[in-house]
Amino acid sequence: MMNRFEGPGAREARIRYLDGDFQIVAPGSFVRCAVTGEAIPIDELKYWSVARQEAYADCAVSLERELEAHPELRKR
C-alpha cells in the first residue's frame, strides 16, 4: 500500500525557513524532520530552526535539537 508521500507526484520540498514563516524554494508535498527523518506534510509544518534551516516533526523534537546545539540551556 502506498502512502501520500509515495508515487509520481510526491517529492520532498526545499524550503527556506524564516522567522514565523517559510518560503518554498522547490515545490514538493513534504519536508523531512532533521532529527527523526520523518516526512512532514507541508501543510502540517509548524516547527523549524531559522539558524540551522531545519524542520522538526514536533515541539519535543525541536527542543531536543536545541538542547543538543546549546547544552548550556539545560542549566537554566
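Structure above, values below:
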quantity	calculated
Rounded to the nearest 10 Å², the accessible area of I40 at probe 1.4 Å	10 Å²
Assigned charges on the beta-carbon of Lys, Arg, Asp, Glu; the chain dipole about Cα centre (debye)	140 debye
Carbon/sulfur fraction of accessible area - the chain, other protein chains in place, 1.4 Å, %	50 percent
For the chain, calculated [θ]222 nm from helices alone, where every DSSP H run of n ≥ 4 adds -39500 (n - 2.57)	-4500 deg cm²/dmol
Relative contact order for the chain, counting Cα pairs under 8 Å that sit 6 or more residues apart, in percent	20 percent
Amide H contacts of Y47 (H built 1.01 Å from N, under 5 Å, at least 5 apart or other chain)	Y56
Estimated FRET transfer efficiency (R11, A60; beta-carbon r; R0 30 Å; 0.05)	0.65
Given the chain, longest segment not containing exposed loop GluC sites (Glu not before Pro) (DSSP; at most 16 other Cβ within 10 Å)	39-76
Signed unit charges on C-beta, dipole axis of the chain, positive-most listed residue P41, V31, L67	L67
Label-point separation, E72 to S49 (7 Å along Cα→Cβ), nm	1.6 nm
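The values are calculated or read from the model by the stated rules, or taken from the named source; none is laboratory data. As the structure is a computational prediction, the values presented were derived from the model and not from experiment. Using ideal geometry, Cβ is built from the backbone for each residue, glycine included, and neighbour counts are taken over all protein chains shown. Areas reflect the complete protein model, heavy atoms only, side chains present, ligands, DNA and RNA absent. Shrake-Rupley method; radii C 1.70, N 1.55, O 1.52, S 1.80 Å.
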